[in-house]
1. If you take just the strands (runs of 3 or more DSSP E) that sit entirely in segment 22-109, which of them hold at least 2 residues that are under 19 Å from the mean Cα position of the chain (by Cα) and modelled with pLDDT of 95 or more?
2. Kindly establish whether I62 is open to solvent by less than 90 Å² (accessible area, probe 1.4 Å) and more than 26 Å from A108 (Cα to Cα).
Amino acid sequence: MATTPAKPASPAAAKPKQTTISMKQIAATIAGDHEMPKKKAEEILGDLVGLVTKHLKKGDRIRLAGLGILVVRKRAARMGRNPATGQPIQIKASKKVAFRAAKELKEAV
């Protein structure tokens, strides 16, 4: 009796389920590692987010050693297409936050 070759697993089946970690979970870990109240760790992380946002709004680059660089990039106005109708549409200029991973992070992942 001839056997048929097994079908290769689909790429989606091979990927492990991704977990999302919240700021509260990170704060709880930091609080446990540094023997501080969770509220204080959450406050510090909140302040970090606020400072990063403030500096990015001013146009500054943020370098986080071992993690990477955050910078605001300008996107020029351009023509696009409405995917439903195929009609050309004008997309206005915008800004986006770009992240470039540090060498240490790339090697660790």
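1. Numbers: elements: 62-64, 68-75, 78-81, 88-91, 94-101.
Qualifying strands (runs of 3 or more DSSP E): 62-64, 68-75, 94-101.
2. On the way: open to solvent by less than 90 Å² (accessible area, probe 1.4 Å): yes; more than 26 Å from A108 (Cα to Cα): no.
No, not satisfied.
The values are calculated or read from the model by the stated rules, or taken from the named source; none is laboratory data. Keep in mind that what you see is a predicted model, and the values were worked out from it rather than measured. To get the accessible areas, we keep the full protein, side chains included, count just its heavy atoms, and leave off ligands, DNA and RNA. Shrake-Rupley method; radii C 1.70, N 1.55, O 1.52, S 1.80 Å.
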